[in-house]
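Each remark here refers to the structure printed beneath this line.
Coordinate-derived values only; no laboratory data. Bear in mind that the values here come from a model prediction, so they are computed numbers and not experimental data. Note: ideal-geometry Cβ built from the backbone for every residue, glycine included; neighbour counts use all protein chains shown.
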Amino acid sequence: MIVKERLANIALRAFSVITIALLLLGQLAIAWPPAHQSYSEAIGGVHIKIYKFYERSLQEYLVGTCTLGYAAELNGVSGIVTAGHCFDGITGNYDPPEIWWWTVYQPDRTGLYVGSPSHVYGDLSYIDTAFIPSSHVSPSILTKDPYGNAAVLPVESIVPWSSISVGMAVTKTGSNSGVENGHVQGYYMNLYGLKWVVRYINMSAVPGDSGGPVYQRTLVREEGYWTYQISLIAIMVAVDGTYVYSISVDGIQTEVGIVPQTWW
């Protein structure tokens, strides 16, 4: 696809993307049970719930749900990445205001406390990414093995922006929609404020999938069994009914310095 065609296609859908992306937060339906289980360490693809605590009223409110993207580091601090719009549009270095702050749990308030965001790069006006410092993280992805069973597999490498190509086979994990395969349909930069955007076909997303990881799975044989090697590509941020959109992990690192962790 030539550059003009790419720009025309994304321009036609820009309003839908910006509108629908924000709907990926807040549905509590359970569609893929393993993602909603409690894990001792936060891993990509699992269900997270986001709460807002008001100091004046001493009340905590469930804001909605999203999907954990991947383990990362920012300025030497370990943590996790998810979609920025999960935090209601706040932006920049996040210092909790005097009367309220956010908390993140996996899978919910009774499970593992993950942390509170330190940086939110808000919505699709920029990079749509949030960083939550946490020591309870592992550079792994909840996916399925070659036999169709739920599996937690290590992230072994990152797919750089320069290696993304139209037709590339990919897989995503959404905490509500589960594991699904698809293909890259296009990729774009710097249009309508959207940066480092990858668009996919043959994939779906539903409310609660925001922030979920997109990755490549390479089939390998280890110790007599078939398994997958995982290469991280992006996090999901939007869907317009036909396409799923994501923000490149390489782009997130370039724009705001969040460095993805790998197993090795």
**Report entry** D_trans [Stokes-Einstein, Kirkwood Rh over alpha-carbon pairs] for segment 143-264, 10 °C, 1.306 mPa s, µm² s⁻¹
**Finding:** 108
Query - Gain upon complete extension [M189, V77; 0.36 nm per residue less C-alpha separation] - result: 37.5 nm
Query raised in the report: In the calculated pair distance distribution of segment 101-160, what percentage of Cα-Cα distances lie above 15 Å?
Result: 68
Query raised in the report: How do K172, K49 rank when sorted from fewest to most other Cβ atoms within 10 Å of their own Cβ?
Result: K49, K172
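Fully extended, how many nm does the chain gain between E222 and S165 (0.36 nm per residue separation, minus their Cα-Cα distance)?
Answer, rounded to one decimal: 17.7 nm.
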Query raised in the report: Relative to the present Cα-Cα distance, how much length would full extension add between Q37 and V256 at 0.36 nm per residue of separation?
Result: 75.7 nm
Report summary line: Averaged over all viewing directions, the convex hull of the alpha carbons in segment 212-264 casts a projected area in nm² of 5.1
Report task. Mind ranking 204-217, 103-116 by how tightly packed they are, going by the mean number of other C-beta atoms within 10 angstrom, highest first? Result -> 204-217, 103-116
Requested in this report: Please give the peptides 35-44, 144-153, 246-255 ranked by average Cβ packing (other Cβ atoms within 10 Å per residue), highest first, as a rough proxy for protection.
Outcome: 246-255, 35-44, 144-153
